[in-house]
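See below for the structure under consideration.
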Amino acid sequence: MSYQGYIDDVLAGRVVVGKLVRQAVERFCTMSERPDIEIRHNRIERVINFFRLLHHFKGRHAGKPFILEPWQEFAVAGIFGLYYKGTGHRVCRNVYIEIARKNGKTAFGAGLALYALMVDGEAGAEVDLAANSKKQAKIAFKFARNFARVFNEKGKKPLIKPYRCKKL
């Protein structure tokens, strides 16, 4: 489990991170030790494996599977891995992630949104993916649309069909 290695490396100082990331790692560890919370490693692996189904569609990684970096796997663990015991409810229900420029935030966000929409198991799931401009929102939609193509076999009814919203 790469995210556990990331946690260990951050706590040991082998990975240099800022104060907020260190606090996030410490909070994850503290929460996972609480008696009313459990880590569901199978749920974390399910999301990580979902990302491997997605393929990059442009740039030097075009055609290659989307393999998450350890820090991304840690984010996935925090979002999808902590559950309240006996209820089946996830601890994390809303997510806000800040990622520095050129670190793949649009692709990562689009993949998370697709997982939550298609695989997470919520009937009538709705996902909001915010952007700071109309141009960036179009890019995020393009990522999600292209990632979704992997689930649509040629000659068969599409599993997922993207639509554009009309101007309000």
Take the Cα atoms of the stretch 1-74, find their three principal axes, and give me the spread along each one in whole Å, biggest first.
42, 28, 17
Please list 58-70, 102-114 highest first by mean number of surrounding beta-carbon atoms within 10 Å per residue.
102-114, 58-70
Measure off 7 Å from each Cα along the Cα-to-Cβ vector at VAL150 and ARG27, then give the distance between these two points in nanometres to one decimal.
2.9
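Measuring with a 1.4 Å probe in the full set of protein chains, what accessible area per residue, in whole Å², belongs to the chain?
Numbers: 11570 Å² over 168 residues.
So the chain comes to 69 Å² accessible per residue, rounded to a whole number.
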Computed on alpha carbon atoms, what radius of gyration and Dmax characterise the stretch 1-138, expressed in Å?
15.5, 46
In Å², nearest 10: area of VAL119 left accessible to a 1.4 Å probe
40
Return the long-range amide H neighbours of ILE37 (sequence gap of 5 or more, or a different chain), with a cut-off of under 5 Å between placed amide H atoms.
LYS85
Estimated vicinal HN-Hα couplings, Hz - the stretch 21-27 in sequence order (Karplus 6.51, -1.76, 1.60; Gly, Pro = x)
5, 4, 5, 5, 5, 4, 5
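The values are calculated or read from the model by the stated rules, or taken from the named source; none is laboratory data. In this text, all values refer to a predicted model and were calculated from it rather than measured experimentally. All Cβ positions, even for glycine, are placed from backbone atoms using ideal geometry, and neighbour counts span all protein chains on display. The accessibility values were calculated without ligands, DNA or RNA, using every heavy atom of the protein model including side chains. Shrake-Rupley method; radii C 1.70, N 1.55, O 1.52, S 1.80 Å.
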